[in-house]
């Protein structure tokens, strides 16, 4: 290991004046990224563009920077590294708007965490920690090169790696995309992404020197500074949020390990950021031909990666597969290099931007996904806008299920043979009544429910909702949906009961009781306020669950809404069959329970289960009244 004249680097003393310099930092809202920004701001950086996913975290971080300098020089840009198309859009915007970038700090990353495939069908560790940031670096490389030419000083790229790059399976080869979609365990997933960072930095440095990425080839004999210096760094064991991701990966054992080793970790601002800050500001970087393609460990030592990290053939394979993936996901790549660049010639052809074109591309490299998962991933890739993709899918699903499930009951009302199963068979709804009901329901769907559906994705994503593949297990979805039924039923009982107080009934709930003999289509026949109030239980209860557990997939949400719609429509159908569910599950409410509510206008306030009505004495109907009379008689006998 080669050590420079001084092995230590003190950010307070050793960072030069950064006046006029512009920095782009990924993951700058917390941890090491935030620590690096603190020192850049303190030493007069002209502009710091911080890229992160959540605005509230960014705003909080910028507020905490006040003691370090003028925060008007810190600009936040939303960038979700799990979304390649969003990364591409952000990179294009930066390349268009920023004429000067002195250094790119590729700091963001996922720690030792559970396995998750992004919407692009890739291991999230690999995509977030390396691939998305490689694309960002290549997109901004022409700006970095132009900055170096105008300032006569090397621009810098730093990628935050780790000693955990040594923890990889022997089978790691970076030969195919399939290899990058397999679950090899939390520690290996993290280690593989850190190894990929070191390899890609070395490959990027080599290709820059060979003149393949826009700059002229570099001749060490000239002893001239390189236009762009690219290095990987290791920060050491640092007190960030990453150690506590062990709990997600390994449960209580991970939590114990994080707490046991936490005291040995160093503060990110005082110590942990030193190698990273050095890699983008240190004066020693420029000595001779500059520190380039190296692995820098605390504070500014040149470290030695493991044998895989020095394997040139493996680096070339990783380069090829990375650019192949980027081309497949983003179409033809145009990084702005000269035409002799191996990046932009002969590797890619634009893929037809159709849904089935996306499906075919995803299917090529994600054979481990089932057809439904590939169709799901293709939809999000085709739409290129998660909010729009989720909104359209959610609304179409809701309309198809609502009217599709109502249709059999509409047909049943026209079949005399089924009249004997109609609870109030003297009040069969006419076609005109059903049509008038449908018009109001449609109006409510478009004016009240559609805006809710459109807002659902951003709110749920903020709380940790997943939209990626693979899907959760059937068992996971089943127990979560069961919990949602209980939560919604509780909310529905008490809010519905409140709507039957005189003032609220007259102002809000009376519309829903227009039909004393309900029918399926009337399940959502209600005032806008009631739709919002009772819909709260269906939509917000799962979001609360997600905010607490951080474990909810939107597919589970969809299945829950489908089942809830089935329940609501069937409860309003007005039909009681010998095979109705409440004959099997006595605590299930069903149509007989809710039909009495519409007929009597009181009691039976629950949606799915009977227990709240039983516990609170609001069970309605002749059988319930008889039970209450019998209970009163029994109580009277005890008294006498």
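The values are calculated or read from the model by the stated rules, or taken from the named source; none is laboratory data. Everything numeric here is computed off the predicted structure, so don't read it as measured data. Every residue, glycine among them, receives a Cβ derived from its backbone with ideal geometry; neighbour counts consider all protein chains shown.
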Open item on the list: I need the full set of residues from region 575-614 which are within 26 Å of residue 498 (Cα to Cα), part of a loop (DSSP other than H, G, I, E, B) and either within 40 Å of the chain's Cα centre (by Cα) or free of Cβ contacts under 8 Å to residues at least 60 places away in the same chain (or both), in order please.
Closed with: 586, 587, 589, 603, 604, 605, 606, 607, 608, 610
Open item on the list: I'd like to know if region 84-95 contains one or more residues that are at pLDDT below 95, part of a helix (DSSP H, G or I), over 23 Å from the mean Cα position of the chain (by Cα) and not assigned by TED's automatic domain parsing to the domain that holds residue 459.
Closed with: yes
- [ ] Of the numbered conditions (1) at pLDDT below 90; (2) at positive phi, residue 604 fails exactly one; give the number of that condition.
- [x] (1)
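Output the residues belonging to region 27-41 that are at positive phi and not in a loop (DSSP other than H, G, I, E, B).
Let us first name the residues in region 27-41 that are at positive phi, namely 27, 31.
Scanning region 27-41 gives a single hit, 31.
Consider residue 211 carefully, then state whether it is farther than 26 Å from residue 175 by Cβ and at pLDDT 85 or above. Please lay out each step first, then the result.
Working: farther than 26 Å from residue 175 by Cβ: yes; at pLDDT 85 or above: yes.
Yes: the conditions hold for residue 211.
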- [ ] Looking only at region 415-431, decide whether some residue is under 45 Å from the mean Cα position of the chain (by Cα) and crowded, with 17+ Cβ neighbours inside 10 Å.
- [x] no
Open item on the list: Could you go through region 50-67 and let me know if any residue there is crowded, with 24+ Cβ neighbours inside 10 Å and closer than 19 Å to residue 154 by Cα.
Closed with: no
Task: Positions within region 149-207 being closer than 26 Å to residue 217 by Cα, in a loop (DSSP other than H, G, I, E, B) and under 27 Å from the mean Cα position of the chain (by Cα), in sequence order - done: none
- [ ] Could you check residue 18 against (1) over 30 Å from residue 191 (Cα atoms); (2) in contact (Cβ under 8 Å) with a residue 40 or more places away in the chain; (3) touching a strand residue (DSSP E or B) at 6+ places or on another chain (Cβ under 7 Å); (4) surrounded by 21 or more Cβ atoms within 10 Å (Cβ to Cβ) and say which number it fails?
- [x] (3)
- [ ] Only one of these is in contact (Cβ under 8 Å) with a residue 12 or more places away in the chain and either out of contact with any helix residue (DSSP H, G or I) (no Cβ under 8 Å at 6 or more places or on another chain) or not in a helix (DSSP H, G or I) (or both): 66, 44. Name it.
- [x] 44
TODO: All but one of (1) more than 30 Å from residue 152 (Cβ to Cβ); (2) in contact (Cβ under 8 Å) with a residue 24 or more places away in the chain hold for residue 86, so report the exception by its number.
DONE: (2)
- [ ] Check off (1) in contact with a helix residue (DSSP H, G or I) (Cβ under 9 Å, 6 or more places away or on another chain); (2) farther than 21 Å from residue 89 by Cα for residue 148 and give me the number that stays unchecked.
- [x] (1)
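Residue-by-condition table, conditions (1) out of contact with any helix residue (DSSP H, G or I) (no Cβ under 7 Å at 6 or more places or on another chain); (2) within 15 Å of residue 573 (Cα to Cα):
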| position | (1), (2) |
| --- | --- |
| 403 | yes, yes |
| 416 | yes, no |
| 426 | yes, yes |
| 454 | no, no |
| 460 | no, no |
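Could you please find all residues in region 586-604 being surrounded by fewer than 16 Cβ atoms within 10 Å (Cβ to Cβ) and under 13 Å from residue 513 (Cβ atoms)?
Of the residues in region 586-604, the ones surrounded by fewer than 16 Cβ atoms within 10 Å (Cβ to Cβ) are 586-587, 600-602.
Answer for region 586-604, where residues must be surrounded by fewer than 16 Cβ atoms within 10 Å (Cβ to Cβ) and under 13 Å from residue 513 (Cβ atoms): 600, 601, 602.
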Open item on the list: Among the residues of region 115-124, what is the count of those that are within 13 Å of the chain's Cα centre (by Cα) and in a strand (DSSP E or B)?
Closed with: 1
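Every residue, every condition in (1) under 23 Å from residue 597 (Cβ atoms); (2) surrounded by fewer than 18 Cβ atoms within 10 Å (Cβ to Cβ); (3) out of contact with any strand residue (DSSP E or B) (no Cβ under 6 Å at 6 or more places or on another chain), yes or no:
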site: 475; (1), (2), (3): no, yes, yes
site: 484; (1), (2), (3): yes, no, yes
site: 487; (1), (2), (3): yes, yes, yes
site: 504; (1), (2), (3): yes, yes, yes
site: 516; (1), (2), (3): yes, yes, yes
site: 536; (1), (2), (3): yes, yes, yes
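Let me confirm something: among 296, 302, which residue is under 30 Å from residue 14 (Cβ atoms), touching a strand residue (DSSP E or B) at 6+ places or on another chain (Cβ under 6 Å) and surrounded by fewer than 21 Cβ atoms within 10 Å (Cβ to Cβ)? Working first, answer last.
Details: 296 fails: surrounded by fewer than 21 Cβ atoms within 10 Å (Cβ to Cβ).
It is 302.
Can you confirm whether residue 328 is under 30 Å from residue 452 (Cα atoms) and modelled with pLDDT under 85?
Spelling it out, it is not the case that residue 328 is under 30 Å from residue 452 (Cα atoms) and modelled with pLDDT under 85.
Each row is one residue, and each column tells you yes or no for (1) outside the structural domain of residue 19 (by TED's automatic domain parsing); (2) over 30 Å from residue 379 (Cβ atoms); (3) surrounded by 21 or more Cβ atoms within 10 Å (Cβ to Cβ); (4) touching a helix residue (DSSP H, G or I) at 6+ places or on another chain (Cβ under 7 Å).
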residue	(1), (2), (3), (4)
110	no, no, yes, yes
125	no, no, yes, yes
141	no, yes, yes, no
159	no, yes, yes, yes
Open item on the list: I'd like to know if region 540-551 contains one or more residues that are in contact (Cβ under 8 Å) with a residue 40 or more places away in the chain, in the same structural domain as residue 467 (by TED's automatic domain parsing), in a helix (DSSP H, G or I) and crowded, with 22+ Cβ neighbours inside 10 Å.
Closed with: yes
TODO: For residues that are out of contact with any strand residue (DSSP E or B) (no Cβ under 8 Å at 6 or more places or on another chain) and assigned to a loop (DSSP other than H, G, I, E, B), scanning just region 96-114, find the one that is farthest from residue 22 (Cα to Cα).
DONE: 114
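Identify, from the list 307, 322, the residue that is at pLDDT 70 or above and either in contact with a strand residue (DSSP E or B) (Cβ under 8 Å, 6 or more places away or on another chain) or farther than 28 Å from residue 118 by Cα (or both).
On the way: 322 fails: either in contact with a strand residue (DSSP E or B) (Cβ under 8 Å, 6 or more places away or on another chain) or farther than 28 Å from residue 118 by Cα (or both).
Criteria check complete, one pass: 307.
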Open item on the list: Checking the structure you have, find out if any residue of region 37-44 is at pLDDT 95 or above and closer than 24 Å to residue 192 by Cβ.
Closed with: no
